[in-house]
Every structure is written in C-alpha cells, then in structure tokens.
Amino acid sequence: MFLRNRHSLWLRLVMVLGAMALFVLGYQWGNRHQQGGDGPTRINGVLVRPVGAIPNFALRDALGQAFDQTHLASGWTLMAFGDLAQASGQRSVQRLVDAYNRVADQPQLRRSLQLVLVTTREAPSLARNFARLSPALHILGGDGEEIDRLQAALGLADDAAPTLFLFGPGGYLVALLPAQESGQAVAEDLKAVYADASTLLPEQP
C-alpha cells in the first residue's frame, strides 16, 4: 500500500519552478559580482585616473611620415618602446600584433586601433621589415632627445620592463599594461576599456 503524497501536483510544480528561478538568479548575480557588475572598470593592467594627455612630440614612421600627438587623438593606440635589434623590442612588437589579432571579434575597436613601437635605437631596415607585419603597426623613430622626452612624460625609465601604454581618443593616456601581461590579457583589457570609454574618457567635442 502506498502513502498518499502530501503535496498536490501543482504545489510541487511551483516549488520546482521556484528552485530553478533561485538558481538562475544566483548564477546571474554571481557572474555580475565576478565581473564587477556596474562598478568601476576592472582590468589586468593599471587604469590611469584621471586620464591625461601627454605633451606633443614629433617622430617619423618607417616610411618617413610624420607622427605626432594628433595621431594619438584620432582613435585608440597601443604604444611600446624597444630596440628592434634586441629580443625585448621584438617581443614588444609580437605583443602588440597578438593583442590586435585577438580583438578581431570587436570590429569597431579593431578598425580604430593603431599599434606603435617607438624605437630606442635607429635601425631603418629593421623598422621597414617589422612595419610589414600589420597595416596597423607604426614603427617610429627620430631624434634621441625627443624620444627621451616622450619616455620621461610617460614616466618610463631607460631600464624599465616593456610596458604597453594605452591611449584613447583625444590622445588621453588611459592604462598601463605591464610586461607580464600576455597578448590575450592585453586584448581583454582593451575590450574592457573600450566598453567603458564613455565613463573613462572626457566627453569628446
């Protein structure tokens, strides 16, 4: 003989649906909490707060074309410094290109993103060769004192690890991405900053 179930079918159905709703709500809350929700932007690197523009500079790319502050103001820029004759400079280029390739799922960001390596030692032939790696890549060189001033404006010491500098529209320095960040981590930071650009950058005229 079977005992009659205390709960009717409809009551058990309500309990099951309620448990499922609690599970979904808990999952969504946990996901928002992990990603920071509507709070401040979180990246692997370091956000520069408040953002600021660096003094103007005048350098030239591998084809001899001028490159200055106005080029930074036109969109998003990842900038690195390095000697292309050394492994550290070549790794910086690799990180830049890797990050660029990893934002392919964000076509608007990718179209507005340029990559810049400022060479700390003149090597015109190497500069032209590396510039062919990507149409978004600019290998810049110029007067040594001009490069020193640019490094000083960014607080970069001569023996510093190869940090990447992220500039947003208007030429504002938005974030510092340390040397230990992989191309994947750099791409994640790019996407996070780009998504919150309206709160991180001054309103554009």
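Couple of notes before you dig in:
- Residues located in the range 51-96, provided they are in contact (Cβ under 8 Å) with a residue 60 or more places away in the chain and either in contact with a Cys (Cβ under 9 Å, 6 or more places away or on another chain) or assigned to a loop (DSSP other than H, G, I, E, B) (or both): Ile54, Pro55, Phe57, Asp61, Ala62, Leu63, Ser74, Gly75
- Single residue of the range 103-159 satisfying the filter (hydroxyl-bearing (Ser, Thr, Tyr) and either closer than 28 Å to Ala192 by Cα or in contact (Cβ under 8 Å) with a residue 24 or more places away in the chain (or both)) that is surrounded by the most Cβ atoms within 10 Å (Cβ to Cβ): Thr119
- Within the range 65-79, being within 21 Å of Val193 (Cβ to Cβ), more than 14 Å from the chain's Cα centre (by Cα) and open to solvent by less than 20 Å² (accessible area, probe 1.4 Å) holds for one residue alone: Leu72.
- Candidates Gly82, Gly45, Gly37, filtered to the one that is open to solvent by less than 50 Å² (accessible area, probe 1.4 Å) and modelled with pLDDT under 90: Gly37
- Residue satisfying all of: in the range 55-64; crowded, with 17+ Cβ neighbours inside 10 Å and of a type in the set (A, V, I, L, M, F, W, C); nearest to Ala175 (Cα to Cα) among these: Phe57
- Residue match in the range 144-162 (condition: over 23 Å from Ala58 (Cα atoms) and in contact with a strand residue (DSSP E or B) (Cβ under 6 Å, 6 or more places away or on another chain)): no
- Checking each residue of the range 173-188 against the condition of being surrounded by fewer than 13 Cβ atoms within 10 Å (Cβ to Cβ) and either touching a His at 6+ places or on another chain (Cβ under 6 Å) or modelled with pLDDT under 95 (or both) gives at least one match.
The values are calculated or read from the model by the stated rules, or taken from the named source; none is laboratory data. Predicted, not measured: the structure shown is a model, and the values here were computed from it. Cβ: placed from backbone, ideal geometry, glycine included. Neighbour counts: every protein chain shown. Accessible surface is based on the protein model in full, side chains and every heavy atom, while ligands, DNA and RNA are left aside. Shrake-Rupley method; radii C 1.70, N 1.55, O 1.52, S 1.80 Å.
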